[in-house]
Structures are given as structure tokens and as C-alpha cells.
Amino acid sequence: MKNACVLLLIPTLSYRARAFVAAAGFLDLEIVVGSERTQALAELLPGTSLTFDLSNPEAAVKRIVDASRDKPFNAIVGVDEETVVIASMASERLSLPHNPVSSVQATRDKYLMRQRFSAGGLLSPKTRLYTTDQNPNDVSEEVAYPCVLKPTFLSASRGVIRADNEHDFEKAFHRISNLLSDYRVTGQGGAAARQILVEDYIPGVEVALEGILPDGKLKLLALFDKPDPLEGPTFTETIYVTPSRLAKELQDEIVDTTKNALKAIGIERGPVHAELRINASGIYVIEIAARSIGGYCSEVLRFDDRITQRGRSNGFSLEELILRNAIGEDIRPLERESQSAGVMMVPAPQAGILKEAKGVEVARKIPGIENIIIAVPVGQKVEVLPESSRYLGFIFARGENPEFVEEAIRAAHEKLEIVIT
């Protein structure tokens, strides 16, 4: 679409800004970046930023609608969790293609999501919703163990804790309540920052699915294995590897289950990221997000351009695929590259102040390693889950098969020495 203008809604602290700006440049798109502050993006896009309060969706939508009178938008893309609802609301107000607002809201509310899954006939654990005002001593006898406690609106396993008994439950309840009382978290969640969801623990193998709906039908972009077990008490994500090594029949079932989950929620277009668990009872959808994979992880995905290579032998990024879809290009012929690929979200070994990251250059020389990013600047505070809102860094690898990729990532991680005081 020539001369298309896309509004990108990107929180100031998002890792995704540069990738989307670069993708827009490849596509010759005019873009405006909407965020809660301008200074982080001013150098990238001088004169093309829009500011609003992310915690006040109605006011943000009004700001977007007013801005569209001077610069009409062809599409609005919410990049991270905090912006997808505003993107849907503003698109509805401007009669642009969008997911139903209520459906996007369901992806941001884990309790509502569970209700939609159950109503849609999907496997779902028993859930109970409590408030931070309640005494955990009074409710710990009501639940079955093991169980998982979590906020209803946070992502990336933040605030998610497993409890195996009443003592664990009470400790986890207090810890999550303290997290939710942080003014930054309260501002993000509003009334939801007073809620704690408790659900039965689901054992099993976990996978992540990256997809997009270009025409109302799910197009699989990648299915990631998670070779490290995620059993708690906290659920730190580490390694993602694609393509999956699961049996073809099981992979097909995972895709079908995701399609049913999208239908149950009502998501009809745009990127989606799903987390699923598989055990003897079947396939459980842990959650679905109406956005793409988070952090720097999108760098693990490259796509072969069957339409035009545009002079790029390495294909193109996930962000470019999302923008192409947003402006109405046909992305159905596009497929992920044939190589295996993987990423490790490097967990912090402890909380404190990052003093040094040793061994990075040695790790980069390991065969298969493509890039290593230390995302936290030296001298900054480092947190660990469940309080943490960001990963320490990312390790990327590519190779001829998933086994090679996983081994390269683990070897690189062993070379890193993270000094935190």
C-alpha cells in the first residue's frame, strides 16, 4: 500500500521500538509512534511521535482520533501487552480493521480468558479469583494442591508462583500482593492490581506458538519447544527452539487447539502468541496474547520473501511481516526460513546491581551462535522472578537442526559469568 501511514503503539521501555522502525523503513511506510513518553523515541523519529496515558484508554483513544484528523492512519498496531487494547479501541473508533475490543480485553484478563476457554469446550484448570484484601490464611484451605497463583494481567511469568501446600500458598499470596502494590504495577493494572488468580497446576511439556491471522485463519509462523522444564516454584522462561521436535500428529493437534482457543476468545486478525501445555489429559492453552513474541525474541524468526527479496539475502523480520499484514498485503505465501533457530532468555542468577557480564565475546565464537545481547546496562538494578519485568539478556543461535541449536545456546550460556552485587 503506497503512502500508507501506520500508528505504532509502543511503551517507552519496550525492546521492540527499533525493530519496528527498521521494518517500516524497509517497507517505505510512514509511521507515527504512540507512547507514554517521547524522549526514548525522539531521536529515532523526530516530529512523528504521539504521547498519551497508557493507564487511561479512553483518553488515549481520544488523543489518537484527534491526531488522525491531521494525519489519517491506515492501520494501528499495538506492539506490547500494554497497548493492544488501546489499538483495538482506536481502530474501532476510526473504522480500521481490528479485533473486537472485548476479545482483546479477554487476552489481558487471565480469569476472563479461562472462562472463555471453558465456554469454548477447551481443557482448562479449575480457577478461583481472590482479592489482595483477603486473608490468605482464610482461603488457603479452599484450594487443591499443587496450585499456581498469578496476577490476572501481567505477562512473561511475572508474579506467577506455584504452591504445594498451605504454607507455600500464604507466602506466595503475600509476595504477589506486595508486587501488585508497587505503584508502577498498580498504574498498569488499575482495578486488576487487586486481584490474584489461583488455578490448579497443570503438569506437562510446554510449547509456544507464534502465529498470525491474515484472513481470519491462523497461519503458523513457528512452534517452539521449551526444553527446560517449567515446574516452579517460579516459571522463568529460558530456551525456545524451532522447529518443534514433537511428533507431527501432536503438532497438528496443538495448532488445532490454538485455533479453537482463538475462536473461543474471538481473535480474528493480526499476530498471536500462545503458550500451551501437553500431558496425558490432552492439550491445555495456558494463555493467548493478541501480539507477537516479546522482548528481543523476535530476532530468532526470519522469513523467506516469496514475493520479492528486495535485495536481502537473509529474508526479513517478524516485525516486517506484521506490518505487511496490517496494511493489507498478502502474507500467506511467506514462510519461516528452513534453518533451525533458537533463543535463550538469560535469567539473572540473583537480584542486585549488575557489575559486569564476562565471557560474552568468548560465547559469541561458539559455532551456531549468532548474537548475544545483554539487555540490562551495567550499574542498573537486576530483579528475579516473580518480581522481575525484564530478562538479563538474550542468546541467539541458528543451525542445521534443533539439537545443534540447543547445544550451542547451552554452551554459550556456560561461558557467561554474570557479576551481580
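Quick rundown of the values:
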{"item": "Selected residue (criterion: nearest to residue 36 (Cα to Cα)) from residues of segment 166-207 that are surrounded by fewer than 19 Cβ atoms within 10 Å (Cβ to Cβ) and of a type in the set (Phe, Trp, Tyr)", "result": "183"}
{"item": "Yes/no for residue 95 being without any contact (Cβ under 8 Å) to a residue 12 or more places away in the chain and at positive phi", "result": "yes"}
{"item": "Top-ranked residue of segment 16-57 - restricted to ones that are at pLDDT below 90, of a type in the set (A, V, I, L, M) and part of a loop (DSSP other than H, G, I, E, B), ranked as surrounded by the fewest Cβ atoms within 10 Å (Cβ to Cβ)", "result": "42"}
{"item": "Residues (in contact with a helix residue (DSSP H, G or I) (Cβ under 7 Å, 6 or more places away or on another chain), assigned to a helix (DSSP H, G or I) and of a type in the set (Gly, Ala, Ser)) located in segment 371-421", "result": "412"}
{"item": "Filter result (surrounded by fewer than 20 Cβ atoms within 10 Å (Cβ to Cβ) and of a type in the set (A, V, I, L, M)) within segment 364-375", "result": "366, 373, 374, 375"}
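The values are calculated or read from the model by the stated rules, or taken from the named source; none is laboratory data. Bear in mind the structure is a predicted one, so any value in this text is a computation, not a measurement. Please note: Cβ atoms are built from the backbone with ideal geometry, for glycine as well, and neighbour counts cover all protein chains shown.
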